[in-house]
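Before any comments, here is the structure.
The values are calculated or read from the model by the stated rules, or taken from the named source; none is laboratory data. Keep in mind that what you see is a predicted model, and the values were worked out from it rather than measured. When we count neighbours, we look across all protein chains shown, and the Cβ atoms used for this are built from the backbone with ideal geometry, even at glycine. Only protein heavy atoms, including side chains, enter the accessible area calculation; ligands, DNA and RNA are left aside. Shrake-Rupley method; radii C 1.70, N 1.55, O 1.52, S 1.80 Å.
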Amino acid sequence: MPTPPNPRPAPRTENPQSADASPAITRAFALLSKGWNGLILMALAKGPADAAQIRERVPGISNRMLSRRLQELTAIDLVTQDVRPGMSPRTRYALSPHGNAFLIPLAVLFLWAEDHLPAIDSPASDRPAPPRHPR
């Protein structure tokens, strides 16, 4: 009786860690796919700022959206907030150490986009287009 051929071994990936990294990269893309997050982080890369200063650095974002995104970014420890007491308490936002570390891949993504994505030929190209997320 002939012996059956050995079953083929499962194909090996060149990077065995890539399967393990899938949840991590999914979380990273989820973070960046939420409108305004990348732009807010880039705005805070210029230094700590209050909400009004961040709005100046991120043209087109509404007060409500900025407040929502700052809460979310603070909750995941990419942004810190410092509430300064006084007659008119002011909250200043800054990048946390995790937020500063995120600037490295964000800068690389920025450089890639500059080199590989076509420029938008319109006067409004100086301002970021508002995100298209239903809500």
ask   = Name the pairs: first residue in region 54-77 and open to solvent by 70 Å² or more (accessible area, probe 1.4 Å), second residue of a type in the set (Lys, Arg) and at pLDDT 95 or above, Cβ to Cβ under 8 Å, at least 6 apart or on different chains?
value = 57/46; 63/55
note = All-but-one check, residue 90 against (1) touching a residue at least 40 places away in the same chain (Cβ under 8 Å); (2) under 17 Å from residue 27 (Cα atoms); (3) not polar (S, T, N, Q), failing number (2)
ask   = Yes or no: residue 50 farther than 20 Å from residue 113 by Cα, touching a Lys or Arg at 6+ places or on another chain (Cβ under 6 Å) and modelled with pLDDT of 95 or more?
value = yes
request  = For residue 94, indicate whether it is under 16 Å from the mean Cα position of the chain (by Cα) and open to solvent by 40 Å² or more (accessible area, probe 1.4 Å).
outcome  = no
